[in-house]
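One structure is given here, and the rest of the page talks about it.
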Amino acid sequence: MERYIGKSVLKGVAVGRVFCYKKQDYHIEKTEITDIDGELNRVKEAIEAAKTQLTALYDKALTSVGEDHAMIFDIHRMMLEDDDYLEVIEQAVKDGTNAEYAVEMAQEQFAQLFTSMDDDYMKARAVDIKDISQRVIRILLGIPEDGVPTEEPVILIADDLTPSETVKMNRNKILAFVTVRGSSNSHTAILARSMNLPALVNTKMKPSDDWNGKVGVVDGFNGEFILEPEKDILDEMILRKNQWVADLEALEALKGKENVTGDGRRVDIFANIGKVNDVEAVLEADAGGIGLFRSEFLYLGRESFPTEDEQFASYKTVLEKMGGKKVVIRTLDIGADKKVDYFHLDPEENPALGYRAIRICLDRPEIFMTQLRAIYRASAYGKASIMFPMIVSVEEVKRTKEIVEQVKGELTVEGYPMGEVELGIMVETPAAALLSDKLAKEVDFFSIGTNDLTQYTLAVDRQNQKLESTCNTHHPAVLKLIEMTVKNGHKVGIWVGICGELAADTDLTETFLDMGVDELSVSPSSVLKVRKAVRDIKTN
């Protein structure tokens, strides 16, 4: 029996045979070519094939884990359209280099560029550039995509897994993930949680092919992987696994139940979505509404701005499907990791702190007003609320409200019916939290975005594996800013919700209710889990 300690991604238990996953190795030699046009055509075809694969992965992730987690594949596809990246490959081929070597050169050049940057977010993009480059190279070499060559579900062991490798696995063949490297905040970890798979990352071990077929246990509660457990331990783990499965099944019985504690405190539990298709999951999960509709996904994966009518149709459909339940639409949050070529945004050394979200909208009001017109037109068909991201000042809110009034005036003159629309802001910067007493007087609600609030408060890139211990989402400073925001909101009678990943952290559910949080918005898969946590609270 061997025990290995890792970082738990999901608290669950898996028992089964082990399979050590390895990428198929390849070696590229530099060769001189004479048919330059033919080689350029090979590159073009390989990149188009890679984009097709990424689109398929996006669609698969969309149905299995939701739009938020599928976004990484849209980002990868857009990286394959980057002019600078493509120019390096093209120039190498024109200089007489074979396509495979040209792509590898571009990979190394851009990976080194990202790694050398001071910004941790940009450093993390080196992994993405390697992922997309290796995809193109494998297509050029005719290497098929790897998978799990077994019919029996397995505990998959790997050095590390990219998001694409995680999603393309047959969910029915995977019992759990265990990786040597990786971060609990990585895209792959988030995907594993969304797939409800026990998983460990950053596990101190050296996998071997000799492990294949042996019995293993993943204990997500204690962050442990056990290879060939002794009989008494195996029997105990099987009982714990069965109990975990039974607990998951018991959650289904909570559909239709109230989100109320044993001592009578109530909280709304809403869901986060990115596209119209996600509404079915929201309804299936029995969420009370949509607390975050990430509207920027309407702008991704296309070559031009969505028209007012296109946006209106999407918002209208969501509002109608929700049948009068509240739908909170976040206005455009392009920038940072969500790049769109037709926006023509300049490269930035520190995009997470740069030209994004409300800053773009206020600077380019023609884009903003088109979106607002679409939302207000759709508001006649349901209960719509609007919230504005990345607010740092009262002046930004006032300017935003002026544009809103201009839009409403135009629509009234044009004869469009409109419903009553709440206006709120996302509190995701320390500035907004510290100014929440003043900001609360300008809006109808706050929604606290804990992902960015944690990152900006602690000055930590949560994707950086080296800063895993520093990126403490339970940090007293973060919780203090949340509590301050709730108190300041309630002082003037507005409701306050949380829509970041922390909303689904059941270790903090009681803390949030003690603070007086009115709404928790989580992924559809977490709705019943949070409802149970609320109902399990007995006394104040």
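The values are calculated or read from the model by the stated rules, or taken from the named source; none is laboratory data. Source: prediction; values computed, not measured. Backbone-built Cβ (ideal geometry, glycine too); neighbour counts: all protein chains shown. Just so you know, the surface numbers come from the protein's heavy atoms only, side chains and all, with ligands and any DNA or RNA stripped out. Shrake-Rupley method; radii C 1.70, N 1.55, O 1.52, S 1.80 Å.
Brief remarks follow.
- Calculated Rg and Dmax of the range 248-309 using C-alpha coordinates, Å: 16.2, 53
- The range 228-352: C-alpha pair distances exceeding 18 Å, %: 68 percent
- Binned Cα-Cα distances of the chain, short to long, each 20 Å bin given as a whole percent: 20, 53, 25, 2
- In plain terms, if you count all Cα to Cα distances in the range 286-328 and split them into 10 Å steps from zero, the share in each step is 25, 51, 22, 3 percent.
- In this structure the amide hydrogen of Val427, modeled in the peptide plane, comes within under 5 Å of the amide hydrogens of Ser447, Ile448, Gly449, none closer than 5 places in sequence on its chain.
- Scattering profile of the range 354-480 at q = 0.10, 0.18, 0.20 Å⁻¹ [log10 I(q)/I(0), Debye over alpha-carbon scatterers]: -0.39, -0.97, -1.11
- Here each label is just a point 7 Å from Cα along the line to Cβ, and for Asn170 and Asn472 those points are 4.5 nm apart.
- Equivalent ellipsoid of the range 476-535: semi-axes from √(5λ) of the C-alpha gyration tensor, largest first, are 20, 12, 10 Å.
- Long-range amide H partners of Leu332 with built H, under 5 Å: none
- Taken over the range 1-112, the percentage of Cα pairs per 5 Å bin, counting from 0 up to the bin with the maximum distance, is 2, 9, 14, 15, 15, 13, 10, 8, 7, 4, 2, 0.
- Its alpha carbons considered, the range 151-307 gives a radius of gyration followed by a Dmax of 19.5, 63 Å.
- Dimensionless Rg ratio for the range 197-237, taking C-alpha atoms and the 2.2 N^0.38 Å reference: 1.19
- Cα convex hull volume per residue for the range 348-401 (Å³): 92 Å³
- Pairs exceeding a 23 Å alpha-carbon distance, out of Lys383/Lys487; Lys44/Lys94; Lys60/Lys173; Lys7/Lys51; Lys23/Lys60; Lys22/Lys94: Lys383/Lys487; Lys7/Lys51; Lys22/Lys94.
- Each Lys and Arg Cβ is given +1 and each Asp and Glu Cβ -1; about its Cα centre, the chain then shows a dipole of about 1840 debye.
- Surface composition of the chain: carbon plus sulfur atoms hold 49% of the accessible area, using a 1.4 angstrom probe and ignoring ligands, DNA and RNA.
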